[in-house]
Amino acid sequence: MDFVLNKIDKHLGNHMSFDQYREDLKRKLKELNGLKEDIESTKSIELRPRKKLKAEVRIWLENVERINGQVQDLDGRIDESNALPRRFRAEDVLASIREVEELITQQGKFHGGLVVDNLQRIGQVLTTSSLSGEGVKAYIEKIWQCLMDDEVSKIGVWGMAGVGKTSIMKLTNN
């Protein structure tokens, strides 16, 4: 009988702070989702052609989605149960709080950005027709200088149809 009373006392102690645990979980989950939004925004800026999301970032985002689902499921189970069994869920709430805190801590470890080069796309040789002449070499050199300049984020190649815009870019790529 003492064992049962000790268990009830332990859970009655949790009774006083159970709502605080739930509020703490909601607050920390809100913080985690704010970090997720920031990561998603940064990802959309950094993710460009020939780049891919780092595996650690992809896994972190998947874990955030998973914990969001688990907390939503836990909230549903708590709301459906009556008062006494709800209090026995304090351990589940505390475990969720710990996992959310761990994900918040992990977010700061994405050193060097969120993306890496997609090596599968780099170095693909494109088929092209042959172009010759000093003008072609000069334009390829000019395009290459722009590509090597860190200050240049975009280049444009324009001209009338059939003058070789696509061909010169394929030659530059190769």
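Structure summary
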| read-out | value |
| --- | --- |
| Environment charge of Gly156, counting only residues whose C-beta is closer than 15 Å and scoring Lys/Arg +1, Asp/Glu -1 | +2 |
| Cβ crowding within 10 Å averaged over residues, with 143-155, 47-59 ranked highest first | 47-59, 143-155 |
| Å² per residue, accessible surface of the stretch 26-112 at 1.4 Å | 63 Å² |
| Probe 1.4 Å - accessible area at Thr166, Å² to nearest ten | 90 Å² |
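The values are calculated or read from the model by the stated rules, or taken from the named source; none is laboratory data. Predicted, not measured: the structure shown is a model, and the values here were computed from it. So basically every Cβ, Gly included, is an ideal-geometry build from the backbone, and we count neighbours across all protein chains shown. Protein only, heavy atoms only, side chains kept; ligands, DNA and RNA dropped before computing areas. Shrake-Rupley method; radii C 1.70, N 1.55, O 1.52, S 1.80 Å.
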